[in-house]
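Undergrad: Please find one structure pasted underneath; my questions will follow.
The values are calculated or read from the model by the stated rules, or taken from the named source; none is laboratory data. All figures in this text were calculated on a predicted structure; none of them were measured in a lab. Cβ placement follows ideal geometry from the backbone for every residue including glycine, while neighbour counts extend to all protein chains displayed.
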Amino acid sequence: MVYKYMLIWYLLISFQFSQAQNTSLNFSLEDLNGKNRMLSEFTDKGPVYINFWALWCQPCRAELKTMQAISEKYSEKGFTLLAISIDTPRSLAKVKSFFSSQNFTMPCLLDPNSKVFEKLNGQSLPYSILIDKSGKIAKTRTGYLPGDEKFIEQDIVKILQNE
């Protein structure tokens, strides 16, 4: 009898945790044009690779450059690479300029106070989260070394095949 109650309690706690986890993933941030964008706008189309970055972070800039090709390659399958800058409000013009000069086509959102970064357990940059279409975190990654894009692409392909 005790085990029955423990199982019910465990299931209720698990359900509440999963609900809280999904809710916390649907955040809203401004894009480079000042428009508020919800994460759900992107996850409704398919899997999303969130990439937190900053101008001062050289590995972040290198990763964004390599991820542009992956973004273009899988965008027709519903995949979105979502770049989120944690640069300060004073760097906003530089972020826009950098994105424009690199001809990046992925959406870029702004998290100037790092609230979403911290909410999603970001500790250091670059920090990335792969989210499946249902809004669940499939994988997280911290750091970037040249060649990592091969492993990131494998993870994206795996998620796309499971959709």
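Undergrad: Give N103, N113 a once-over and let me know the one that is under 29 Å from K158 (Cβ atoms) and of a type in the set (S, T, N, Q).
TA: Within the list N103, N113, the selection yields N103.
Undergrad: Among what's in segment 29-55 and is polar (S, T, N, Q) and at pLDDT 95 or above, pick the residue that is farthest from E163 (Cα to Cα). Working first, answer last.
TA: From segment 29-55, those polar (S, T, N, Q) are 33, 36, 40, 43, 51; that's our starting set.
Of the ones still in play, those that are also at pLDDT 95 or above are 36, 51.
Values: N36: 27, N51: 21 Å.
Filtering first and then ranking leaves N36.
Undergrad: If you don't mind, there's one more thing I want to ask. With S134, S128 as the choices, which residue is polar (S, T, N, Q), within 16 Å of the chain's Cα centre (by Cα) and within 28 Å of N33 (Cβ to Cβ)?
TA: Working: S134 fails: within 28 Å of N33 (Cβ to Cβ).
Result of the check over S134, S128: S128.
Undergrad: Those residues that are assigned to a loop (DSSP other than H, G, I, E, B) and either of a type in the set (S, T, Y) or crowded, with 16+ Cβ neighbours inside 10 Å (or both), I need them from segment 112-146; list them, please.
TA: So the first thing to find is which residues in segment 112-146 are assigned to a loop (DSSP other than H, G, I, E, B), and the list is 112-114, 120-126, 132-136, 143-146.
Across segment 112-146, the qualifying residues are P112, S114, L120, G122, S124, L125, P126, D132, K133, S134, G135, Y144.
Undergrad: Go through segment 25-74 and count every residue that is assigned to a loop (DSSP other than H, G, I, E, B) and under 15 Å from the mean Cα position of the chain (by Cα). Step through it out loud before you land on a result.
TA: Kept after step one, since they are assigned to a loop (DSSP other than H, G, I, E, B), are these residues of segment 25-74: 26-27, 32-35, 44-47, 54-57.
Next, from what is left, pick out any that are under 15 Å from the mean Cα position of the chain (by Cα): 26-27, 44-47, 54.
The total comes to 7.
Undergrad: Still on this model: Inside segment 80-93, can you point out the residues that are modelled with pLDDT of 95 or more and closer than 16 Å to C57 by Cα?
TA: Applying the first criterion (modelled with pLDDT of 95 or more) to segment 80-93 yields 80-87.
Across segment 80-93, the qualifying residues are A83, I84, S85, I86, D87.
Undergrad: Let me ask you something else. Looking at E163, E72 in this structure, which one is farther than 22 Å from S40 by Cβ, surrounded by fewer than 16 Cβ atoms within 10 Å (Cβ to Cβ) and of a type in the set (D, E)?
TA: E72
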